[in-house]
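What follows is a short report on a single structure.
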Amino acid sequence: MKQDKMTGYPSIDKPWLKYYNEDSINVTLPKCTVYEYLLEKNKDGIDDVALNYFDRKISFRELFEKIEMASKAFSALGVKKGDIIVMSTVTTPETIYAFYGLNRIGAIANMVDPRTSTEGIKEYITEVNAKYVLTIDVAYPKIQKAILGTNVKKVILVSPADSLPQPKKFLFLASNRIKGATLKLADNCLSWNSFITNGESARLQPIPYQQDSCCVIVHTGGTTGTPKGVMLSNDNLNIMAMQYRLLGANYRRGQKFLNIMPPFIAYGIVLGTHMALTLGLENVIIPQFDPEKFADLIKKYRPEHLVGVPTHYEKLCNNSKMKDFRLDFFESAGVGGDGLSPQFEEKINSFFKSHGSPHPIAKGYGMTETSAASVTCHGNINKPLSVGVPHIFTTVSIFDPDTNKELSYGKHGEICVQTPATMLGYYGKSEETAKVIKKHDDGSIWVHSGDIGFIDDDGFLFVEGRIKRMIVRYDGFKVFPSFIEDVISRHECVDSCCAVGTPDKRHSQGMLPIVHVVLKSNKKRQDTTVRQELIALCQRDLPEYAQPVDFVFRDTLPLTPIGKVDYRALEKIVE
């Protein structure tokens, strides 16, 4: 409960609670699996639309039937409680069936970006000793190579065409035949339809809820940059969904949610999938989002709710198709992935207002380690430049990064979070977990974000910058310099290197990675030759979104007074 008298410390006062009603503050948290929570919240609206996939509308009744079929099919393969299944796919109905189907039998979905390199996918498979992989068809050639030498028994192949309505399915398949895109499947590969058929006679043994049981793994560089698997529990996902239910953001059953976020990030699986479906929203799923078509999607579906990154809204503002189109149906148009510049926030809010939107852009802040969003604006609870107020069961405060002493309102320090949506930990990396989830001297446990900011006495959080060296692209994807540097350093000619962000000249916001390289004196070659070799190395070992846009060859790298590479000095250099 909020204190009657302000103490000067956000963790004690919790001034943001004044934006929530008493009943919401005292609500009981759910104790069930994500499948059970989904069922409970939709049992009285079983014939409402759950998914809208290229205009094929799938009811909650059909959704639950398909989830049961997926559960039986996984059981028939031999998948058991605690098994980890790699899912390298995009948002299709089958992805959702599989996710909840695994949950129903106590198995864990390990979500992997299909754009990950072959070597990267193999590492994810090996790390969890996965025996089964579900993948989108375009990633199948990489999966075939990645599973060599692993314990993978079966690969389940999903196609975007599997749930397409006719005649769109016919046109899709015909187009692939023309392009010569027919896949040759290995003996250990099953199409989705064959997978489901094989499970028709299987006996289903649902696994009951168990507290702190992992249900999904999503990957992040965390606060140190090394790729890690973030283990999220049933409780994490359900609490996030409930917090959004209690936001007062006018979520009403049957409204549309435009889901453009991929399922392999926390925002996609936690909010885009689970939150939207448990709220009874019609989830308009887009397997491959094209920002250039953002305006077309909004005009076609008229979604009351959506989440995007700044560049999506930039495209919207600049699209001539929106000139006379009203946005008065918007209830919550959220933005995440990166902060908004003051100029762009003013621009998008002016655009919203002139087009009839009843609310400004809904900013937010969070981490994969806290199941996506911890702070958000909702309705008109919004301040310029702020990312909003903490969710109802979440406490956010500011601490001195050197002493871990809590700071008062308006003081700048590290943003730390307490929430029941905190991850279980990084898979197989207890030491890395301890660097992020820390016990303070008073015994309290906090998630350390590595970000700098402050809280005002109304409870609004303002993010000022990053302690960690993170490069945030125009589309919200985060690139960790150490990940790139580890790959570049493998080249025999490279003595040292440093990856930093450089402004993306094609977009109003965002950074792209550029690498400063020092070559070994006894391995000198023509810069052009080494450049070409480094490009090939990165294309092989880095995901698409982490590809450097340039390499700058230097005699030395600048150093700080204590001898570390001065990456901030390199960030200031514009070639």
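The values are calculated or read from the model by the stated rules, or taken from the named source; none is laboratory data. Just so you know, these numbers come straight off a predicted model, no measurement behind them. Positions of Cβ are backbone-derived with ideal geometry, glycine not excepted, and every protein chain shown enters the neighbour counts.
Within segment 149-191, how many residues turn out to be at pLDDT below 90 and aliphatic (A, V, I, L, M)?
8
Only residues that are within 22 Å of L461 (Cβ to Cβ), touching a residue at least 40 places away in the same chain (Cβ under 8 Å) and crowded, with 17+ Cβ neighbours inside 10 Å: list them for segment 409-436, please.
Looking only at segment 409-436, we keep the residues that are within 22 Å of L461 (Cβ to Cβ), and these are 409-423, 436.
Then drop every residue that is not touching a residue at least 40 places away in the same chain (Cβ under 8 Å), which leaves 409-415, 417-423, 436.
Within segment 409-436, Y409, G413, E414, I415, V417, Q418, T419, P420, A421, T422, M423, V436 qualify.
Applying the selection to segment 26-42, what residues are within 28 Å of the chain's Cα centre (by Cα) and either surrounded by fewer than 18 Cβ atoms within 10 Å (Cβ to Cβ) or among the β-branched types (V, I, T) (or both)?
Within segment 26-42, V27, T28, L29, K31, C32, T33, V34, E40 qualify.
Which of the residues that make up segment 83-100 are over 19 Å from L258 (Cα atoms) and either at pLDDT below 95 or within 15 Å of the chain's Cα centre (by Cα) (or both)?
Across segment 83-100, the qualifying residues are M87, S88.
Just give me the residues in segment 271-317 being small (G, A, S) and either touching a Leu at 6+ places or on another chain (Cβ under 8 Å) or assigned by TED's automatic domain parsing to the domain that holds A98 (or both), in sequence order. Working first, answer last.
We begin by selecting, within segment 271-317, every residue small (G, A, S); these are 272, 276, 280, 295, 308.
If the condition is that a residue be small (G, A, S) and either touching a Leu at 6+ places or on another chain (Cβ under 8 Å) or assigned by TED's automatic domain parsing to the domain that holds A98 (or both), then A295 is the only one that fits.
Filter segment 505-542 down to the residues that are under 25 Å from D475 (Cβ atoms), crowded, with 18+ Cβ neighbours inside 10 Å and not polar (S, T, N, Q) and list them by number.
So the first thing to find is which residues in segment 505-542 are under 25 Å from D475 (Cβ atoms), and the list is 505-516, 534-542.
Going one step further and asking which of them are crowded, with 18+ Cβ neighbours inside 10 Å, we end up with 509-516, 534, 538, 541-542.
The answer is G510, M511, L512, P513, I514, V515, H516, L534, C538, D541, L542.
Can you find, within segment 296-314, the residue that is surrounded by the fewest Cβ atoms within 10 Å (Cβ to Cβ) among those that are modelled with pLDDT of 90 or more and under 22 Å from the mean Cα position of the chain (by Cα)? Give the steps one after another, and end with the answer.
Within segment 296-314, the first condition is being modelled with pLDDT of 90 or more, and the residues that meet it are 296-307, 313.
Right, trim to under 22 Å from the mean Cα position of the chain (by Cα) and you get 297-298, 303-307, 313.
Details: L297: 17, I298: 21, P303: 24, E304: 21, H305: 28, L306: 26, V307: 27, Y313: 24.
If we take residues in segment 296-314 being modelled with pLDDT of 90 or more and under 22 Å from the mean Cα position of the chain (by Cα), then L297 is surrounded by the fewest Cβ atoms within 10 Å (Cβ to Cβ).
Would you mind stating whether K353 is of a type outside the set (V, I, T), closer than 22 Å to D296 by Cβ and surrounded by fewer than 19 Cβ atoms within 10 Å (Cβ to Cβ)? Quick ask: steps written out before the conclusion?
Details: of a type outside the set (V, I, T): yes; closer than 22 Å to D296 by Cβ: no; surrounded by fewer than 19 Cβ atoms within 10 Å (Cβ to Cβ): yes.
So K353 does not fit the description; no.
What are the residue pairs meeting all of these: first residue in segment 7-27, first residue within 21 Å of D457 (Cβ to Cβ), second residue buried (at least 18 other Cβ atoms within 10 Å of the Cβ) and acidic (D, E), Cβ atoms under 6 Å, and 6 or more apart or on different chains?
Final answer for the pair search is T7/D13; Y9/E406.
One line per residue, one yes/no per condition, for (1) without any contact (Cβ under 8 Å) to a residue 12 or more places away in the chain; (2) under 18 Å from L258 (Cα atoms); (3) of a type outside the set (G, A, S):
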| position | (1), (2), (3) |
| --- | --- |
| K323 | yes, no, yes |
| E331 | no, yes, yes |
| G336 | no, yes, no |
| G339 | no, no, no |
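Could you list, in sequence order, all residues of segment 384-408 that are touching a Cys at 6+ places or on another chain (Cβ under 8 Å) and of a type outside the set (G, A, S)? Quick ask: steps written out before the conclusion?
Restricting attention to segment 384-408, the residues satisfying the condition of being touching a Cys at 6+ places or on another chain (Cβ under 8 Å) are 386-389, 396-399.
Within segment 384-408, V387, V389, V396, I398, F399 meet the criteria.
Return the residues of segment 316-350 that are hydroxyl-bearing (S, T, Y) and surrounded by 21 or more Cβ atoms within 10 Å (Cβ to Cβ); say none if nothing qualifies.
The initial filter retains those residues of segment 316-350 that are hydroxyl-bearing (S, T, Y), namely 320, 332, 341, 350.
Scanning segment 316-350 gives a single hit, S332.
Looking at segment 464-499 only, could you name the residues that are aliphatic (A, V, I, L, M) and under 22 Å from the mean Cα position of the chain (by Cα)?
Here is the first cut: in segment 464-499, the residues aliphatic (A, V, I, L, M) are 467, 470-472, 479, 484, 487-488, 494, 499.
Matches in segment 464-499: I467, M470, I471, V472, V479, I484.
Is there a residue being under 20 Å from I265 (Cα atoms) and in the same structural domain as M261 (by TED's automatic domain parsing) anywhere in segment 451-464?
Of the residues in segment 451-464, the ones under 20 Å from I265 (Cα atoms) are 451.
Next, only the ones that are in the same structural domain as M261 (by TED's automatic domain parsing) stay: 451.
Scanning segment 451-464 turns up at least one residue that is under 20 Å from I265 (Cα atoms) and in the same structural domain as M261 (by TED's automatic domain parsing).
Tell me the strands (runs of 3 or more DSSP E) entirely within segment 349-402 that contain at least 1 residues that are within 18 Å of S24 (Cα to Cα).
Working: elements: 362-367, 372-376, 395-399.
The strands (runs of 3 or more DSSP E) meeting that bar are 372-376, 395-399.
Being of a type in the set (V, I, T) and touching a His at 6+ places or on another chain (Cβ under 6 Å) narrows it down to one residue among V436, V417; which is it? Lay out the reasoning, then the answer.
Working: V417 fails: touching a His at 6+ places or on another chain (Cβ under 6 Å).
Selected residue: V436, the only one of V436, V417 that is of a type in the set (V, I, T) and touching a His at 6+ places or on another chain (Cβ under 6 Å).
Test S397 against the stated conditions and say whether it is among the polar types (S, T, N, Q) and farther than 26 Å from H312 by Cβ. Break it down stepwise before answering.
Details: among the polar types (S, T, N, Q): yes; farther than 26 Å from H312 by Cβ: yes.
Yes.
From the list D235, D296, D212, which residue is closer than 30 Å to F330 by Cβ and of a type in the set (D, E)?
Details: D235 fails: closer than 30 Å to F330 by Cβ; D212 fails: closer than 30 Å to F330 by Cβ.
Checking each option against the conditions leaves just D296.
I'm trying to understand the selection: among the residues of segment 283-295, which are buried (at least 18 other Cβ atoms within 10 Å of the Cβ) and in a helix (DSSP H, G or I)?
Let us first name the residues in segment 283-295 that are buried (at least 18 other Cβ atoms within 10 Å of the Cβ), namely 283-287, 289, 291, 294-295.
Answer for segment 283-295, where residues must be buried (at least 18 other Cβ atoms within 10 Å of the Cβ) and in a helix (DSSP H, G or I): P291, F294, A295.
So, in segment 54-80, exactly how many residues are farther than 18 Å from K154 by Cβ and not polar (S, T, N, Q)? Steps first, please.
Filtering segment 54-80 for residues farther than 18 Å from K154 by Cβ gives 54-68.
Now restrict to residues that are not polar (S, T, N, Q): 54-58, 60-68.
Residues in segment 54-80 being farther than 18 Å from K154 by Cβ and not polar (S, T, N, Q): 14 in total.
Answer with yes or no whether D23 is touching a helix residue (DSSP H, G or I) at 6+ places or on another chain (Cβ under 8 Å) and surrounded by fewer than 14 Cβ atoms within 10 Å (Cβ to Cβ).
Numbers: touching a helix residue (DSSP H, G or I) at 6+ places or on another chain (Cβ under 8 Å): no; surrounded by fewer than 14 Cβ atoms within 10 Å (Cβ to Cβ): yes.
In short, no.
Of all residues in segment 401-430, which are over 17 Å from S386 (Cβ atoms) and of a type in the set (K, R)?
K405, K429 - these are the residues of segment 401-430 that are over 17 Å from S386 (Cβ atoms) and of a type in the set (K, R).
Can you find a residue in segment 359-375 that is over 22 Å from V270 (Cβ atoms), assigned by TED's automatic domain parsing to the domain that holds F329, in contact (Cβ under 8 Å) with a residue 24 or more places away in the chain and surrounded by fewer than 23 Cβ atoms within 10 Å (Cβ to Cβ)?
Looking only at segment 359-375, we keep the residues that are over 22 Å from V270 (Cβ atoms), and these are 359-360.
Now narrow it down to the ones that are assigned by TED's automatic domain parsing to the domain that holds F329: 359-360.
The next check asks that each one be in contact (Cβ under 8 Å) with a residue 24 or more places away in the chain; those that pass are 359.
Then drop every residue that is not surrounded by fewer than 23 Cβ atoms within 10 Å (Cβ to Cβ), which leaves 359.
Yes, that holds for at least one residue.
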